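Trainee: Just passing along the structure, written as structure tokens.
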Amino acid sequence: MRYSKLLGKTRKEAPKDEVSVNAKLLFRGGFIDKLMAGSYTLLHLGRRVEQKIEQIIREEMNETGAEEILMPLLHPKEIWSETGRWDKADKVMYKLKKGEKEYALSFTHEEIFLDLVRKHILTYRDLPVKGYHFSTKFRDELRAKSGILRGREFLMKDLYSVHTSSKDLDKYYEEVKKVYLKIFDRLGLKAIVTEADGGVFTDRVTHEFQVLSDVGEDEIIYCPGGDFSQNSEICKVKEGKQCDLGHGPLKKARAIEVGNIFSYGTDYSEKMNVVYTDNSGKKQHVWFGAYGIGVTRLIGVLVEVFHDEKGIVWPSQVAPYNCHLITINKQQLTKNKMDDVYNKLVKAGVEVLYDDREDVSVGQKFADADLIGIPVRLVVSEKTAGKVEWKNRIDSKTELLGIEEVVKRLKRSEAA
């Protein structure tokens, strides 16, 4: 991608009403644009990061046997009334009316998925069913002041599963719990499984996945040894209590919720009369679970965790491009060399952002590269004498390498 053609270049200042690190850096780096509070456009660079995150999640969801689908965003009032959440979720739900009909914009899809299931399953032979999608959610968030960590419109991956028994639901619930931890680990994040209240979703205890961060809006009480964590809103123990397994005192910390999972039992299926015929011919209600990950929120979390005084420091697995290519001199000879390096990288299948601007100083290009945060910076100039200068984003040292070695390293990094 030639940077000169990119919609959304770097900017010196972020909007004055943005106070969070993620919003400031993503806006200045050209990853997002703000429409209004809680509503952002993912520009090309931001979309590429989101797609990298999405693909990691998709791979792990598919490993659990889940099917990818896509459900509607506009929902009729009647389906939400079946569970009572048309009124219960009134504070968070966006509602609209067209003539005599009333609708809601999706803030979640439990009811929609169960309606889908009851149309298609007949017997125990059809179960279990596991379906997930990447979908926009709308929530009337009163505190949309943390950039894309807390939006009114955001992208989410939600997975739903229905089962013939509590045992089968519990088994899959624990499988998803492990898979979620694997997903966050692949993204470079250490998540803590945390017990929490179900809010407008359920009266049952649920599990959140929390990433420690001073800017987090949640507070958890947890054991550093990893055997206990609860959201402080429901926690019955206090910071400093000794861990029952001898790991030392419990700690209190701020954290950002990056995912959550819910085991609903038959609560929803009973209200919506979602049944199957068991092997004895009797009608039974399905057992239901739901599992969510905030995809666009993860972009903000990664920036909050991985940045320095110069800008973003993307983990290689989610960086918008593998390398950031820069030219120094404006002489035509160097320009030709530069294009040749770019074309060789592209031909080799390397994802490269090529800063081909001719009206910008070298210092500005370097500063922009640091702000954007792609893991590897490559420089071609007369001084490199036919080679390429390699610099990792987090290092100060540089190396001169042949183009073949550059490609080899970048492909190795991509494979890892």
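Trainee: Please count how many residues of the stretch 159-200 are in contact with a Ser or Thr (Cβ under 7 Å, 6 or more places away or on another chain) and of a type in the set (A, V, I, L, M, F, W, C).
Mentor: Selection size over the stretch 159-200: 6.
Trainee: Still on this model: If we scan the stretch 221-228, do we find a residue that is among the aliphatic types (A, V, I, L, M) and either exposed (fewer than 15 other Cβ atoms within 10 Å of the Cβ) or in contact with a His (Cβ under 8 Å, 6 or more places away or on another chain) (or both)?
Mentor: Step one: list which residues in the stretch 221-228 are among the aliphatic types (A, V, I, L, M), which gives 221.
Right, trim to either exposed (fewer than 15 other Cβ atoms within 10 Å of the Cβ) or in contact with a His (Cβ under 8 Å, 6 or more places away or on another chain) (or both) and you get none.
Scanning the stretch 221-228, I find no residue that is among the aliphatic types (A, V, I, L, M) and either exposed (fewer than 15 other Cβ atoms within 10 Å of the Cβ) or in contact with a His (Cβ under 8 Å, 6 or more places away or on another chain) (or both), so the answer is no.
Trainee: Could you figure out which of (1) closer than 23 Å to Y276 by Cβ; (2) aliphatic (A, V, I, L, M); (3) modelled with pLDDT under 95 isn't true of A89?
Mentor: (1)
Trainee: Taking the stretch 170-224 on its own, how many of its residues are part of a helix (DSSP H, G or I) and either over 23 Å from V303 (Cβ atoms) or at pLDDT below 95 (or both)?
Mentor: First, pick out the residues of the stretch 170-224 that are part of a helix (DSSP H, G or I): 170-186.
With the extra rule that they be either over 23 Å from V303 (Cβ atoms) or at pLDDT below 95 (or both), the set shrinks to 170-179.
Looking only at that region, the number is 10.
Trainee: Residue under question is K130, and the condition is that it be more than 25 Å from G265 (Cβ to Cβ), assigned to a strand (DSSP E or B) and of a type in the set (K, R); does it hold?
Mentor: Numbers: more than 25 Å from G265 (Cβ to Cβ): no; assigned to a strand (DSSP E or B): yes; of a type in the set (K, R): yes.
No, not satisfied.
Trainee: Taking the residues in the stretch 58-109 that are free of Cβ contacts under 8 Å to residues at least 60 places away in the same chain and of a type in the set (S, T, N, Q) as candidates, determine which candidate is farthest from E175 (Cα to Cα).
Mentor: Per the criteria, the residue is S81.
Trainee: Among the candidates K387, K397, which residue alone is without any contact (Cβ under 8 Å) to a residue 40 or more places away in the chain and either in the same structural domain as R28 (by TED's automatic domain parsing) or touching a strand residue (DSSP E or B) at 6+ places or on another chain (Cβ under 7 Å) (or both)? Lay out the reasoning, then the answer.
Mentor: On the way: K397 fails: either in the same structural domain as R28 (by TED's automatic domain parsing) or touching a strand residue (DSSP E or B) at 6+ places or on another chain (Cβ under 7 Å) (or both).
Answer to the check: K387.
Trainee: In the stretch 232-247, which residues are over 19 Å from V193 (Cβ atoms) and out of contact with any Leu (no Cβ under 8 Å at 6 or more places or on another chain)?
Mentor: Across the stretch 232-247, the qualifying residue is only G246.
Trainee: Within the stretch 256-279, identify whether any single residue is of a type in the set (K, R) and under 25 Å from L189 (Cα atoms), and answer yes or no.
Mentor: Our first condition is that a residue be of a type in the set (K, R); within the stretch 256-279, this holds for 271.
This time we only want the ones that are under 25 Å from L189 (Cα atoms), so: none.
No, the stretch 256-279 contains no residue that is of a type in the set (K, R) and under 25 Å from L189 (Cα atoms).
Trainee: Okay, next question. Within the stretch 54-72, which residues are in contact with a Lys or Arg (Cβ under 9 Å, 6 or more places away or on another chain) and more than 25 Å from H163 (Cα to Cα)?
Mentor: Of everything in the stretch 54-72, those that are in contact with a Lys or Arg (Cβ under 9 Å, 6 or more places away or on another chain) and more than 25 Å from H163 (Cα to Cα) turn out to be E54, I56.
Trainee: Are there any pairs with C-beta distances below 9 angstrom linking a residue in the stretch 282-299 that is free of Cβ contacts under 8 Å to residues at least 40 places away in the same chain to a residue that is of a type in the set (S, T, N, Q), with the two at least 6 apart or on different chains, and if so which?
Mentor: Final answer for the pair search is K283/T277; H285/T266; H285/S269; H285/N273.
Trainee: Can you tell me which residue among L159, L169, L181 is farther than 23 Å from T83 by Cα, buried (at least 17 other Cβ atoms within 10 Å of the Cβ) and either in contact with a strand residue (DSSP E or B) (Cβ under 8 Å, 6 or more places away or on another chain) or not assigned by TED's automatic domain parsing to the domain that holds V275 (or both)? Talk me through it step by step, then tell me what you get.
Mentor: Values: L159 fails: farther than 23 Å from T83 by Cα; L169 fails: farther than 23 Å from T83 by Cα.
Result of the check over L159, L169, L181: L181.
Trainee: Going by what's in this entry, would S263 be described as without any contact (Cβ under 8 Å) to a residue 40 or more places away in the chain and among the hydroxyl-bearing types (S, T, Y)? Quick ask: steps written out before the conclusion?
Mentor: Values: without any contact (Cβ under 8 Å) to a residue 40 or more places away in the chain: no; among the hydroxyl-bearing types (S, T, Y): yes.
In short, no.
Trainee: So V215 clears everything in (1) within 21 Å of V305 (Cα to Cα); (2) of a type in the set (V, I, T); (3) in contact with a strand residue (DSSP E or B) (Cβ under 6 Å, 6 or more places away or on another chain) except one condition, right? Which one?
Mentor: Result: V215 passes all but (3).
Trainee: Next question, about the same structure. If I filter the stretch 393-401 for residues that are out of contact with any Lys or Arg (no Cβ under 6 Å at 6 or more places or on another chain) and assigned to a helix (DSSP H, G or I), do I get at least one hit?
Mentor: The answer is no; no qualifying residue exists.
Trainee: Looking only at the stretch 82-102, how many residues end up being surrounded by 12 or more Cβ atoms within 10 Å (Cβ to Cβ) and either among the charged types (D, E, K, R) or not assigned by TED's automatic domain parsing to the domain that holds S161 (or both)? If you could, list the steps in order and put the result at the bottom.
Mentor: Of the residues in the stretch 82-102, the ones surrounded by 12 or more Cβ atoms within 10 Å (Cβ to Cβ) are 82-83, 85-86, 88-90, 92-95, 102.
In the following step, the residues that additionally are either among the charged types (D, E, K, R) or not assigned by TED's automatic domain parsing to the domain that holds S161 (or both) were identified as 82, 85, 88, 90, 95, 102.
Qualifying residue count for the region: 6.
Trainee: Now, a different point. For the stretch 251-300, give me the residue count where each residue is within 28 Å of E50 (Cβ to Cβ) and among the hydroxyl-bearing types (S, T, Y).
Mentor: First, pick out the residues of the stretch 251-300 that are within 28 Å of E50 (Cβ to Cβ): 253-262, 289-300.
Subset that is among the hydroxyl-bearing types (S, T, Y): 291, 296.
Final tally of qualifying residues: 2.
Trainee: Of E257, E233, which residue is within 25 Å of the chain's Cα centre (by Cα), exposed (fewer than 12 other Cβ atoms within 10 Å of the Cβ) and not small (G, A, S)?
Mentor: Values: E257 fails: exposed (fewer than 12 other Cβ atoms within 10 Å of the Cβ).
Sole residue among the options that is within 25 Å of the chain's Cα centre (by Cα), exposed (fewer than 12 other Cβ atoms within 10 Å of the Cβ) and not small (G, A, S): E233.
Trainee: For the stretch 348-355, indicate whether the set of residues that are at pLDDT 90 or above, over 26 Å from G8 (Cα atoms) and surrounded by fewer than 17 Cβ atoms within 10 Å (Cβ to Cβ) is non-empty. Spell out how you get there, then give the answer.
Mentor: Initial filter on the stretch 348-355 (at pLDDT 90 or above): 348-355.
Then keep just the ones that are over 26 Å from G8 (Cα atoms); that gives 348.
Imposing the further condition that a residue be surrounded by fewer than 17 Cβ atoms within 10 Å (Cβ to Cβ) reduces the set to 348.
Yes, the conditions are met somewhere in the stretch 348-355.
The values are calculated or read from the model by the stated rules, or taken from the named source; none is laboratory data. Worth saying up front: this structure is predicted, and the values here are computed from it rather than measured. Note that we place each Cβ from the backbone using ideal geometry, even for glycine, and neighbour counts take in every protein chain shown.
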